[in-house]
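Here's the structure we're looking at; comments come further down.
The values are calculated or read from the model by the stated rules, or taken from the named source; none is laboratory data. Just so we're clear, the structure is a prediction, and the values are computed from it rather than from any experiment. With ideal geometry, Cβ positions are generated from the backbone for all residues, glycine too; neighbour counts draw on all protein chains shown. Surface accessibility is based on the protein's heavy atoms, side chains included, excluding ligands, DNA and RNA. Shrake-Rupley method; radii C 1.70, N 1.55, O 1.52, S 1.80 Å.
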Amino acid sequence: MLAKTIKIIPQARAGIVERFGKYQQTLDAGLKVIVPFIDRVRYLIDLREQVVSFPPQPVITEDNLTVSIDTVIYFQVTDPVSATYEIANYIQAVEQLTMTTLRNIVGGMDLEQTLTSREEINTGLRGVLDEATGKWGIRVNRVEIKGIDPPPSIKDAMEKQMRADRDKRALILTAEGQRQSAILTAEGNKQSAILNAEGDRESQILSAQADRESAILRAQGEGQAIQTVFQAIHDGQPDQKLLAYQYLQMMPKIAEGDANKVWVIPSEITKALEGLSSSIHEVAGIPQNATPRKRVDMGSSEPQLGPTADDRELSNANEAVQEAIAAAESAANPGRERSQPTVDPHDEESSEGPASPGAPPTA
């Protein structure tokens, strides 16, 4: 009698008490006392959230393809009395309702949409199940699609399509990379050509400037040389005797050469020199006896020395010119007494050579 009077209800459970086969009361968790032999705990309902996984169900899509869909449902009993007396087996009822609702939702979608619209299917299932199971004292908290398996042929076709898409994307990326590489290479070649052209231009400009400076310096040097010679001629006050001396200096060069084996100096060389000097006098307009002239100052690019150095150089130049004039006079008039007994060694060397028979010795 004590065992039939005292009942212990576990936590998160609800006991349905019947009296003579009729619902009497609902017992919550804890120690409860009932009337023995009259009341009894007929059902013990679990009030915790339950998870039920249903086996794969074949579903036909809008494009007449059969797919297998696995579902998982999370539900909880909120009214133990309704869950006991409103439906015989609420778990089986939820399973069948899930299958029919899933067929209705997926039947309006094609295969691609079915594979990519899991959230939409879950939301539709939850709304229909929650509305249908409310009167059974059950609340559907969540519905999840565990897996959608198309037929093997469809899987093969999808894999081929996916592989083709991947190959397409790979080719596109490869072409894009080659395009970018070609663009970058062309830009690099362009920049290199521009830099090379600029370098060539700068090199040509610098070469032209160097040539111009070289030509200018060369012309300045030639001008300074001409100015120096011109100034020396004016300083020396040349006359016809100097020209004759220059003629004698050029005579050894006439004999130079491989073909000139014998060179004869005639005895009438003095008369020829006198005729040459007279002709040169008439043609060139150079006076027989030079008179001092006014010096022409051509300027100098070299730094000017002190007055002592200029005087010394000028005196040396005058002495050299006087010696040359004296040597020319002695060469032009061998019979006349010379003012200076010294003979220019250069003139002696230039006059040496085989003489003709019977000719007098030359100076």
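Points worth noting:
- A search for C-beta distances below 9 Å between a residue of the stretch 130-145 that is free of Cβ contacts under 8 Å to residues at least 40 places away in the same chain and any residue that is part of a strand (DSSP E or B) and open to solvent by 50 Å² or more (accessible area, probe 1.4 Å), counting only pairs 6+ apart in sequence or on different chains, returns 130/139.
- Matching residues, the stretch 65-114, being more than 17 Å from residue 49 (Cβ to Cβ), open to solvent by 50 Å² or more (accessible area, probe 1.4 Å) and not small (Gly, Ala, Ser): 66, 85, 86, 89, 92, 96, 100, 103, 104, 110, 112, 113
- Enumeration of residues in the stretch 1-42 that are buried (at least 16 other Cβ atoms within 10 Å of the Cβ) and in contact (Cβ under 8 Å) with a residue 40 or more places away in the chain: 14, 16, 26
- Residue tally, condition part of a helix (DSSP H, G or I) and either closer than 21 Å to residue 158 by Cβ or over 60 Å from the mean Cα position of the chain (by Cα) (or both), over the stretch 87-124: 26
- Test: residue in the stretch 33-44 that is over 30 Å from residue 157 (Cα atoms) and touching a Gly at 6+ places or on another chain (Cβ under 6 Å): yes
- Within the stretch 115-140, the set of residues being of a type outside the set (Ser, Thr, Tyr), in contact with a helix residue (DSSP H, G or I) (Cβ under 8 Å, 6 or more places away or on another chain), under 24 Å from residue 47 (Cα atoms) and buried (at least 18 other Cβ atoms within 10 Å of the Cβ) comprises 125, 128, 129, 136, 137, 138, 140.
- Candidate set: the stretch 43-61, residues that are of a type outside the set (A, V, I, L, M, F, W, C), in contact with a helix residue (DSSP H, G or I) (Cβ under 7 Å, 6 or more places away or on another chain) and closer than 30 Å to residue 113 by Cβ; chosen: the one most open to solvent (accessible area, probe 1.4 Å): 57
- Pick from the stretch 21-47, criterion among the β-branched types (Val, Ile, Thr) and in a strand (DSSP E or B), ranking: nearest to residue 8 (Cα to Cα): 33
- Checking residue 143 against (1) part of a helix (DSSP H, G or I); (2) closer than 27 Å to residue 47 by Cβ, the condition it does not meet: (1)
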